[in-house]
Amino acid sequence: MNFRSNESAGLRYTCPQRGHCFCKSLLNISSNEFDGHAVKNLAFTAKQYLYRQGDMNHELFVLREGWVMLTRLSEDGKRQVFRSVLPGELLGFQQHLQGPAIYSAIALLDSAVCRVPNIVKTCSSQPEFGLSLASAEANDKMLTEKYLTNIIHRSARERIAFMVSELYHRLKRRHLNRGYTIQFPLKQEDIADTLGLTTIHVNRTLHALREDGLFEIHKHELTILDYDALCTLVGSEV
């Protein structure tokens, strides 16, 4: 991977995600406890892959800034979007750490990640780090289960409303919102492949939700126009 790289010196002071639980435990570990290797900050541009499905990626990453989408191609070439990874969240951790990547990670915005070396050794020697990693993965699993529940049991209108609401709340927790406005680099086909819908159905549903005054998307930004109505439509899923 040919990304711009910076050593970890100063990351604990400059990283905008340093206050989050996992990042906090990561930055509290000195570089010499990584066997002489430092946490590195890698920058990559929109539409660039951090890694691809099938790559032998044995590293853990934390998204420092930007927006990354996780995707997988089925044997018949159909794309599935797992989820959007937002700042402060993990990339690259999977069941078989020494196996091929089970999905691809592509940047939708100019992004930067912290690359963490020696995961197994660090988890063994730093229990707090291991617990933070387990907590982060549990949160990811819970979010995946919520998406699956929506895909199986809810209408297109409810699925899209859920997606908008959960992305808004995740970004808001990181202070990455401007009131009810958030960055929204997802295309209609990305929404469709995330929620199990056709692009045409997504287009029609987005138009209807805008006409009903719930939210609007303009120039890669999404603005919630009626937060209470959106919450009512979503229910208790977020």
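Evaluate region 124-143: report whether one residue or more is crowded, with 20+ Cβ neighbours inside 10 Å, over 19 Å from T45 (Cα atoms) and among the basic types (K, R). Within region 124-143, not a single residue is crowded, with 20+ Cβ neighbours inside 10 Å, over 19 Å from T45 (Cα atoms) and among the basic types (K, R). Restricting attention to region 68-89, which residues are among the hydrophobic types (A, V, I, L, M, F, W, C) and in contact with a strand residue (DSSP E or B) (Cβ under 6 Å, 6 or more places away or on another chain)? Hits for region 68-89 are V68, M69, L70, L73, V81, F82, V85. Here is a check on your reading of the model: is Y147 among the aromatic types (F, W, Y) and farther than 23 Å from V68 by Cβ? No, not satisfied.
Of the strands (runs of 3 or more DSSP E) lying entirely inside region 38-118, those containing at least 1 residues that are in contact (Cβ under 8 Å) with a residue 24 or more places away in the chain and basic (K, R) are 40-44, 60-65, 68-73, 79-85, 111-116. Tell me, please, whether a residue that is free of Cβ contacts under 8 Å to residues at least 40 places away in the same chain, surrounded by fewer than 15 Cβ atoms within 10 Å (Cβ to Cβ) and either over 18 Å from P87 (Cβ atoms) or charged (D, E, K, R) (or both) can be found in region 190-198. So far as region 190-198 goes, yes, one or more of its residues are free of Cβ contacts under 8 Å to residues at least 40 places away in the same chain, surrounded by fewer than 15 Cβ atoms within 10 Å (Cβ to Cβ) and either over 18 Å from P87 (Cβ atoms) or charged (D, E, K, R) (or both). For residues in region 199-232 being of a type in the set (S, T, Y) and under 22 Å from the mean Cα position of the chain (by Cα), which is nearest to V85 (Cα to Cα)? That would be T223.
Selection over region 40-78 of residues that are over 18 Å from G99 (Cα atoms) and either crowded, with 21+ Cβ neighbours inside 10 Å or under 17 Å from the mean Cα position of the chain (by Cα) (or both) gives a count of 17.
Condition check ((1) among the aliphatic types (A, V, I, L, M); (2) touching a helix residue (DSSP H, G or I) at 6+ places or on another chain (Cβ under 6 Å); (3) free of Cβ contacts under 8 Å to residues at least 40 places away in the same chain) across all residues:
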| site | (1), (2), (3) |
| --- | --- |
| T122 | no, yes, no |
| P127 | no, no, yes |
| A134 | yes, no, yes |
| K141 | no, no, yes |
| N150 | no, yes, no |
| H153 | no, no, yes |
| I160 | yes, yes, no |
| V164 | yes, no, no |
| R173 | no, no, yes |
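Read-outs: derived from the displayed coordinates by stated rules, not from any lab. Not measured: the values here are computed from a predicted model. Cβ atoms come from the backbone with ideal geometry, glycine included; neighbour counts cover every protein chain shown.
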